[in-house]
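Shown next, in C-alpha cells, is the structure this report addresses.
The values are calculated or read from the model by the stated rules, or taken from the named source; none is laboratory data. The shown structure was predicted, so the numbers you read here are calculated from the model rather than taken from an experiment. For neighbour counting, all protein chains shown are included, and Cβ atoms are generated from backbone atoms with ideal geometry for every residue, glycine included. Note: accessible area is taken over every heavy atom of the protein model, side chains too, but ligands, DNA and RNA are not part of it. Shrake-Rupley method; radii C 1.70, N 1.55, O 1.52, S 1.80 Å.
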Amino acid sequence: MKLVDVDLEGYGHFLEAPGTFEITKFFTPDAWDYVFTNRQMLLRVRHDGTGYVQLEPPCGPMLYKMERYQQYPGFFLWVKPEGEDAFSNFYKPNFDVKNPDREPDEYSCTFSPGGAVYRLVDHGLEVTSEITIAPDDPAVLARFTIRNLGPARRVDLIPVWRPHNTSTALESWDVPELYQTCQYVNSEQQVIWIETRNPMGLVHLRRRSFVMTDLEADTAEVFYDRFIGKGTFPLPQAALDGALGIDASKKYTYLEENLENTVTGAMPVAAFHKGIELGEGESFSFSMVLAGLPEQADGSMPPYGEIARYEAFLGPDGVKRAVSGNAQYYDSYRMIRTIDTPDEAFNSYVNDWIPLQLRWVTMLGRGWPVSTRGTRDAAQDFTGLIPFFPGESRKTMLDIFTCQRTDGWFPRAYSVEGPDGQHGARDYVDAGCWVWELLYDYLCFTGDFAVLDEEVRWMDSKERASVLDHTHRLLSYYMSRENIGPHGLIKIRAGDWNDSVNAAGLEGKGESVMVSCQVVLAMRQAAGLFRHLGLEAEVYEDVCERMRQNIRHHALNDQGYLNGVFNDNEEWIFSPQDPDGAKRINSPVNSFGIIAGIFDQDELPRVFEHLKSLKRANGYALFLPGIGDPPIAKLGRIGQGDLVDGLGENGTPYNHGSHGFLARAAAVAGYGDLLQDVLKYMLPYDQEAHPVDVARTAPYGIVNHWMSIDGQFGRGGSTFLSGSITTALRDVYGGMMGFGPTLDGITISPCIPSAWERASYVHNFRSGRFEVTIENPDHVESGVKFIEINGRRIEGSHIPADAIIDGGENAVRVVLG
C-alpha cells in the first residue's frame, strides 16, 4: 500500500508531494498541526489556525501564542460580508454562536514543507490564505485572497494580531503591557510596531517586532480595549462595527509620539480595516508580514530601514518565492538518505516525513516554555541530526559541554544562556550517557577528531579544558565511588531516563539498572576510541566488564530478565515480585541490556518473550501493569499514583522508550520481524495500529506516547515533542538498514523482515555517498554472508576505510544468509 492510499475516514489524506498532507474537514478529532522553521523563527500552525510564532527557537520570545485551553489563534483575518455575520479566514472564530458544530460549506488545509494553504468557502465567499515563513529572515508571510461567489456586495476585512512579544512563560508578577509601546505608522508603509522593554533594565534585550501590510487600510487600531469594545477577542466589537479607531488617511511618522496612534502601558493590538466592493466572481488579495527586529546594543529602536526592507515580501510573489525557497531547503536534506523497500508506505514516511519532523524537533525541543533545553533530549535529537547537519550537532555538543560540572555530571536541563544561566539542576544521572552517545556517533560519522582539542569552560568553573578532558570527566563520574550503589551499580539519585521514577534514590542508596547498562556500552566504546587515539584504554575495559558482571549478578533475575530499579527502601522494582506484589518487566531497561551486551546470546530468546508480552492493541508498553494502586513508596510520581496508570510513562506505550529502544534492541539481536512490528506501532500512519478516530492526533505526526487509560485508550499525546523522532530514524538506518559508521570504516549489518527478498538505500558518510543493495534469497532476518563494495568482496560485515572511495560514489551489495 502507498501512503496516499491510507484511508483516514474522510478527514484528509497524504499527497504524492513529499511531506504534504491535505485536511478536508474543519472538525478533526484534535487540532492537527505542522511546523515551519528557519532557526531564526518557528511558526507552528494548526489546521484550524496559526498556533504560535517564536523567535530564536526553542527558548526565545513569542510574537503570539495560544494558551493550553485557547481555541483561537492570535493572528488571523476577520471577514464580514455585508448584512451577514463575521467569520475568520480559518472559519473560527465566527459569530455563528448558535451552531458551534456546523461545518463550513467547503474547507481544506494543505500542509507542505514550503507553506500552508487554507481554503474556506462560506457565506458565498471563497477565502484562501497562504501562510509560510521567510527562508532566511525572522518573518511570517501571509497572502489572503477573497473571491465573491454571489451577487455584488461590500465586504469588510480586518486582519488582526494580538501581540505577546515577550518570554514564552511569564513570571507570576509580570505585567507585560507596563513595558510595552505599540504604534501605528504609515509615512512609508502601513506598519504597526511593538516594543517590549526589559524588566531587569537590560536595554540590549528590549524586544521589537512589527506587522506590515499592503492592504491600503482605511482605519487601524493599537488599543486592545477599543478593538474588543463590549465583546471579547474571539467576538470583538470591531468585527461587528466594521471600523477601527485610527484614521489611516492621516500621516503618522515612525517614532513620532502621538496619542492617537500610540499606546503605552495598556494592552496592545495590531489591526487594520478595509472595506471593499466585490462584484460576482471578483476577487481581492493583499499580503502581510509579521517579523522580529534586531536588538540594539544601546537599547534604541532600530532604524526604519530594518522594517522597510520587508516590503520585498509584499505583493503576489512574496509568498511564492518563500514557499519555493523553503521547499528547496527541505529537498536539500531530504535526499541525503533514502530507502527503497517492498513497503511503499513505509518508504514514503521514512524518506519524507521523519527527516522533516527531525528538523522541527531540534527547534521545538520538548515544547517547554523556559530558557533551558533538556540535556538528554538535545543530545538525542542532535545525534539523529549528524548525517544531515553535522555542524549543528557539533555546536550543540559544545554548548552542552560548557554546562558540565567539573565532577563530570550534566544537569537534567541546561540553560541556553550558557554556563552562568539557570539550569534545571535536578539530580538525574543519565544525561552523561546521552552526551557520550552524541560525541561518539559524531566522531564515527565525521572523523572530526579535532573537536576533542576544542576548549570550553565548565558550569562551575571559568577555567577551560579540552573536550577530551571533559570526556574523561564524563566517564569518571560513572566510575566514582560516591556514584556507585550497594550492588556496584550506578546510583539513580533523582532519576534516569524514566522521568517519572524521580524518588527512588534521593537518600543515596537507589540504583538504576538502565544507566548501568548504558555505562557498560559507553565504557566499551570509550575503550575503542582511546585505543584508536593511542591513549590508555584498559581502565575503561575493566570498568565495562566489572559493571556488566555486577548487573548480571545482582539484577538478572531467575526468570531471565533484568530488574529495573533498586530503591532507597532496598527493594527491587520492575521485578518478578515488586513491593505491591505484581510482576513487572521494564522494557527500556531490558532493551538496553540487549543493546549493551549484558545478556549472553543464548539468553536472548527468553528475554524477548518477556518483552513481547508487553504488547497491547496500542503498542508495546514500557511495563505492565501500571503502578500506583496500591502505592510503592520511594519510587516517584508513578509509585504513589500521582501519575495515573495509563498516562505518561506509567504503563503506556511511551513511544521513545517502548518502541524506540525495543526496536534498537531487536536490530542488535537480529530480530527483523519484531523490528518491523515495533516500528509499525511507533509510527502514526498505520490504521490497524493507530486508527485515526482512536489516536485523534495527526496521522503524519510522531507522538510522545499512546494513552492506555480507560476512555482514552490509544489516544496519542504531544505530537512532535519526542525523542521518538530521532530514535525512529536511527532505528531504520542504523538498525533495519544496518549502516553503522565506526572509527575506522563502516559496519553494514542489516536486520530486515524475513519476507523481504530485497531492499536498498542511499546513505552519506563523511564526504562519500553509498548506494547499498540488500539481497535476502534465504528469507532470513539478519546475518551477512558477504559484502561487495566497488567490486571488492569482503567477508563479514565490516568495511575497512581503505575499501571506501572517500568523496565519491560507493556501490555496495550485501547478501544475507
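Applying the condition of being of a type in the set (Val, Ile, Thr) and under 34 Å from the mean Cα position of the chain (by Cα) to the range 143-159 and asking which residue is surrounded by the most Cβ atoms within 10 Å (Cβ to Cβ) yields Ile158. Among the residues of the range 774-794, are any part of a strand (DSSP E or B), free of Cβ contacts under 8 Å to residues at least 12 places away in the same chain and surrounded by fewer than 14 Cβ atoms within 10 Å (Cβ to Cβ)? The answer is yes; a qualifying residue exists. Please determine, by comparing only the residues of the range 398-427 that are buried (at least 23 other Cβ atoms within 10 Å of the Cβ) and among the aliphatic types (A, V, I, L, M), which one is modelled with the highest pLDDT. It comes out as Ile400. Note on the range 167-185: among residues that are part of a loop (DSSP other than H, G, I, E, B) and acidic (Asp, Glu), the one that is least open to solvent (accessible area, probe 1.4 Å) is Asp174. Within the range 186-196, if we keep just the residues that are more than 14 Å from Pro163 (Cβ to Cβ) and touching a helix residue (DSSP H, G or I) at 6+ places or on another chain (Cβ under 9 Å), the residue that is surrounded by the most Cβ atoms within 10 Å (Cβ to Cβ) turns out to be Gln189. Quick one: is Pro316 modelled with pLDDT of 95 or more and part of a loop (DSSP other than H, G, I, E, B)? In short, no. Counting residues in the range 238-248 that are more than 25 Å from Ala139 (Cβ to Cβ), at pLDDT below 95 and not aliphatic (A, V, I, L, M) gives one or more. Condition (residue is in a helix (DSSP H, G or I) and either among the acidic types (Asp, Glu) or over 21 Å from the mean Cα position of the chain (by Cα) (or both)) applied to the range 337-345: is it met by at least one residue? Scanning the range 337-345 turns up at least one residue that is in a helix (DSSP H, G or I) and either among the acidic types (Asp, Glu) or over 21 Å from the mean Cα position of the chain (by Cα) (or both). Restricting attention to the range 501-538, the residues being at negative phi and free of Cβ contacts under 8 Å to residues at least 40 places away in the same chain number 8.
Name the residue that is farthest from Ile131 (Cα to Cα), counting only residues in the range 296-309 that are open to solvent by less than 70 Å² (accessible area, probe 1.4 Å) and out of contact with any Leu (no Cβ under 9 Å at 6 or more places or on another chain).
Step one: list which residues in the range 296-309 are open to solvent by less than 70 Å² (accessible area, probe 1.4 Å), which gives 296, 299-302, 304-308.
Filter once more, so that each one left must be out of contact with any Leu (no Cβ under 9 Å at 6 or more places or on another chain): 296, 300, 305, 308.
Working: Gln296: 29, Ser300: 31, Gly305: 24, Ala308: 20 Å.
The qualifying residue farthest from Ile131 (Cα to Cα) is Ser300.
Output yes when any residue across the range 124-142 is more than 26 Å from Asn326 (Cβ to Cβ), touching an Asp or Glu at 6+ places or on another chain (Cβ under 7 Å), open to solvent by 10 Å² or more (accessible area, probe 1.4 Å) and not basic (Lys, Arg), and no when none is. Looking for residues that are more than 26 Å from Asn326 (Cβ to Cβ), touching an Asp or Glu at 6+ places or on another chain (Cβ under 7 Å), open to solvent by 10 Å² or more (accessible area, probe 1.4 Å) and not basic (Lys, Arg), one finds none in the range 124-142, hence no. Restricting the first member to the range 695-717 and to residues that are under 10 Å from Pro653 (Cβ atoms) and in contact (Cβ under 8 Å) with a residue 40 or more places away in the chain, and the second to residues that are in a strand (DSSP E or B) and open to solvent by 20 Å² or more (accessible area, probe 1.4 Å), the beta-carbon pairs closer than 6 Å and six or more apart or on different chains are His705/Tyr654. In the range 553-567, the residues that are polar (S, T, N, Q) form Cβ pairs under 7 Å with partners that are open to solvent by less than 20 Å² (accessible area, probe 1.4 Å) and in a helix (DSSP H, G or I), at six or more places apart or across chains, as follows: Asn563/Val513. Set side by side, the residues Leu293, Leu240 differ, and just one is touching a Lys or Arg at 6+ places or on another chain (Cβ under 7 Å) and within 29 Å of Ser129 (Cβ to Cβ), which is Leu293. Of all residues in the range 334-347, those being touching a Leu at 6+ places or on another chain (Cβ under 9 Å) and either crowded, with 19+ Cβ neighbours inside 10 Å or free of Cβ contacts under 8 Å to residues at least 60 places away in the same chain (or both) number 4.
Inside the range 639-688, can you point out the residues that are over 30 Å from Asp33 (Cα atoms) and in a loop (DSSP other than H, G, I, E, B)?
Result: Gly639, Gln640, Gly641, Gly670, Tyr671.
Name the residue that is farthest from the chain's Cα centre (by Cα), counting only residues in the range 488-523 that are part of a loop (DSSP other than H, G, I, E, B) and among the aliphatic types (A, V, I, L, M). Per the criteria, the residue is Leu489.
Taking the criterion of being part of a strand (DSSP E or B) and open to solvent by 10 Å² or more (accessible area, probe 1.4 Å), the residues of the range 239-267 that qualify are Asp247, Thr262, Thr264. Considering only residues in the range 721-746 that are in contact with an Asp or Glu (Cβ under 8 Å, 6 or more places away or on another chain) and open to solvent by less than 10 Å² (accessible area, probe 1.4 Å), the one that is farthest from Thr338 (Cα to Cα) turns out to be Gly723.
If the condition is being in a loop (DSSP other than H, G, I, E, B), among the small types (Gly, Ala, Ser) and buried (at least 20 other Cβ atoms within 10 Å of the Cβ), then the range 570-598 contributes Ser575, Ala596. Here the condition is being at pLDDT 95 or above and over 30 Å from Gln422 (Cα atoms); of Gly384, Gly305, Gly292, it holds for Gly305 alone.
Does Val175 satisfy the criteria of being more than 27 Å from the chain's Cα centre (by Cα) and free of Cβ contacts under 8 Å to residues at least 12 places away in the same chain? Against the criterion (more than 27 Å from the chain's Cα centre (by Cα) and free of Cβ contacts under 8 Å to residues at least 12 places away in the same chain), Val175 qualifies.
Pairing residues of the range 270-281 that are over 27 Å from Cys182 (Cα atoms) and crowded, with 21+ Cβ neighbours inside 10 Å with residues that are of a type in the set (S, T, N, Q) and at pLDDT below 95, at Cβ distances under 9 Å and at least 6 apart in sequence or on separate chains, gives no pairs at all.
Condition check ((1) among the aliphatic types (A, V, I, L, M); (2) farther than 30 Å from Val589 by Cα) across all residues:
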site	(1), (2)
Ala413	yes, no
Trp434	no, no
Leu438	yes, no
Asp441	no, no
Gly447	no, yes
Arg481	no, no
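The number of residues in the range 87-117 being surrounded by 20 or more Cβ atoms within 10 Å (Cβ to Cβ) and either without any contact (Cβ under 8 Å) to a residue 60 or more places away in the chain or among the small types (Gly, Ala, Ser) (or both) comes to 9.
Looking across Asp441, Asp377, one residue alone is in a helix (DSSP H, G or I), under 26 Å from the mean Cα position of the chain (by Cα), under 23 Å from Ala504 (Cβ atoms) and acidic (Asp, Glu). It is Asp377.
Pick from the range 200-217 the residues that are in contact with a Pro (Cβ under 9 Å, 6 or more places away or on another chain) and more than 17 Å from Glu311 (Cα to Cα): which of them is most open to solvent (accessible area, probe 1.4 Å)?
Arg207
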